[in-house]
Each structure stands twice: as structure tokens, then as C-alpha cells.
């Protein structure tokens, strides 16, 4: 603090400025450089925030893509399985029809053979003995 000579105070502002405040001069150039540096880092931080937001959007899109991929795989599996079951059902039905046709064919052939055996025996009617003999001549593979 500076020494004071007694004099009436006419300007309080100049009194406080000249006698009470320290003479710490501000380095305006240094403050301007620091302010510029602060603004530069604020710009960098804003750029980093934008990049992070962009990366988060990309990550969300990738998660959605992966979920859609899993759905496509699952749906494809379900569709193939349904087609397979449909084909299996068609094959079972075709096999049943074939078995019925085969049995009907063998019955017809057995009856024809029994008629021939009855004719050779001189009988007007097909008897159970004629049918039993006809069934003996049926090939073994046709029984299955």
C-alpha cells in the first residue's frame, strides 16, 4: 500500500484505483491467446461429440442390420421347414395311394388267377381252395 498524504477526497474512483489497488497489469495478449486456445478446444470437443453421435447412429444401424439378418435366416429356415413338411406329406400321401393301388392290383391278379384255376378244375364258381392256391403263386416281394 502506498503512503497517503492527507488531502480531501474528491474522486473516490481515482483514490481506490491509485492508492488501494495493486498494480497487477493484465497481459491482454496472453489472455487473448488463452481465449483462442479455449475456443479451439471447444470446437474440437464439439467435433468429437458429432463424431460420437455419428458412430452411435452407425452402431444402431449395424444392430438393426444384424437383427434383420437373423430374422431373414430364421424366416428362411421356417419357410424351408414348411416346404419340407409339405413335400413329406405329399410323399406320404403318394405312398399310401401307391400301396392302395398295388394292393388293388394284386387282389385283381389273385382273383384272375383263382378264376383260371377254377376254370382248369372245371368249376363254375371260385372257391376258397382256388383263391388259396392263387395266393400261393403270388410273388413274395408283393406281400410287403
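Across the chain, Cα pairs under 8 Å and at least six residues apart give a relative contact order of 12 percent. Annotation: extensible slack from residue 44 through residue 123 equals 17.1 nm (criterion: 0.36 nm per residue apart, minus Cα-Cα distance). Residue separation of residue 9 and residue 137 scaled by 0.36 nm, minus their Cα-Cα distance, works out to 31.4 nm of gained length.
Of interest is the spacing of the C-alpha centroids, which for segment 48-71 and segment 115-133 amounts to 85 Å. Rounded to the nearest 500, the 222 nm mean residue ellipticity of the chain from helices alone is -27000 deg cm²/dmol, with -39,500 (n - 2.57) taken per DSSP H run of at least 4 residues.
Computed from the coordinates by the stated procedures, all read-outs in this text should not be read as laboratory data. Just so it is clear, the structure is predicted and the values come from calculations on it, not from any experiment.
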